[in-house]
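The values are calculated or read from the model by the stated rules, or taken from the named source; none is laboratory data. Worth saying up front: this structure is predicted, and the values here are computed from it rather than measured. Here the Cβ positions follow ideal geometry from the backbone for every residue, glycine too, while neighbour counts run over all protein chains shown.
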Amino acid sequence: MHGFSYSFPAIRGTLANQEYYVVMCPLKLLSKIFTFDEAPLPPEFRAQRTLNKARIPEIKHYILNNRSSFAFSAITASVDATVEFIPIGENPMDSLVGTLVVPMSARFIINDGQHRRAAIDNALEEDPSLSEETISVVFFIDRGLKRSQQLFADLNKHAVRPNKSIGILYDNRDPLANLAKDLAEKCSPFAGFTDLERTTLPNRSPKIFTLSGIYHASMALLGKKRTEIITEKEARLCMEYWSELSTIIPEWKMIPKKEMSALALRQSFIHVHSVTLHALGILGNTLMKEFPKTWKGKISPLSGIDWSRSNNSAWEGRAMQGGQMSKARQNVTLTASFLKQKLGLPLTEEETKLESNL
């Protein structure tokens, strides 16, 4: 090969009868070999979606805030050039390991990972010590625009994000996730009746609540955002609030005793669904701001509410739309404002506006 080139330690593989290469690329090289074409081309003439710059800061902060434990999957890219693979030996195993030599004049197109690459570049500006670390890159030999477009489509077609509950279950960095898991394990009425994996419960499930429902309800209760620190006092307060409700809401008292089946509870009452759980979290946040010392003595009116799904005059247009439970933000807000009015608590400007529209 003539001219200047990049040399990468690499592994050679075969997929769909075509050779491809997995290389280790220093982070400092990413911005040099993978440049963004900002020309305003129509989408049919591009091999990648346009960069969503709003996503970059979150990924950058993830890197910098987890400097010793962050992880990324491989970047996938196409190379429009003639490359040379130099194996370390001739036997079958050695012939798959070696050095990939790519001319510097090559054109690289990221098929998957452009936001990772941009975030890494931004993180390097704040922490240059990242420069010698490496990320794996899967190189396919480019055979034109249509091939690159198809590669992008194929890589994203079958990608499925994990549902919210399983994401919370496996997230040990987020303090709210850890709190939700603690509540699901120890707090009545959640203990033993929380599905840790699903966000929607099947009819035959013996569970009543979902981990994602507890997570978002407790986030609203504490007025927190994801990854914010939670003090021991806040965690205790959260535990106390949900435990107190289990002594106030009539059907919640039945849960530990299994006096009503999980299916009957979900089919007959709105208070075990995530929309109402979230609304109860909003209610608790306002209640504790108004009565930080005496809030427990203010929630008894909740025991007199008709929580049944057949109570259309109360819940249709709030927790329900067309007879079905709805987790839309507007429904959560209207359910919370209904509960606040039952306890004589002030409404926010948004809640007042939605009430007038309703």
- Could you grab the pairs with beta carbons closer than 9 Å, sequence gap of 6+ or different chains, first residue in region 9-34 and at positive phi, second one surrounded by fewer than 16 Cβ atoms within 10 Å (Cβ to Cβ) and outside any strand (DSSP E or B)? none
- Task: From (1) surrounded by fewer than 16 Cβ atoms within 10 Å (Cβ to Cβ); (2) assigned by TED's automatic domain parsing to the domain that holds Glu228; (3) in a helix (DSSP H, G or I), pick out the condition that doesn't hold for Gln150.
- Result: (2)
- Message: When you scan region 331-338, do you find a residue that is in contact (Cβ under 8 Å) with a residue 40 or more places away in the chain, touching a Ser or Thr at 6+ places or on another chain (Cβ under 7 Å) and among the polar types (S, T, N, Q), even just one?
- Response: yes
- Message: Cβ contacts < 6 Å: first residue of a type in the set (Asp, Glu), restricted to region 231-256; second residue in a helix (DSSP H, G or I) and crowded, with 16+ Cβ neighbours inside 10 Å, any location; separation 6+ or different chain. Result?
- Response: Glu234/Leu222
- Message: I'd like to know if region 75-85 contains one or more residues that are within 18 Å of Lys28 (Cα to Cα), out of contact with any Leu (no Cβ under 9 Å at 6 or more places or on another chain) and surrounded by 11 or more Cβ atoms within 10 Å (Cβ to Cβ).
- Response: yes
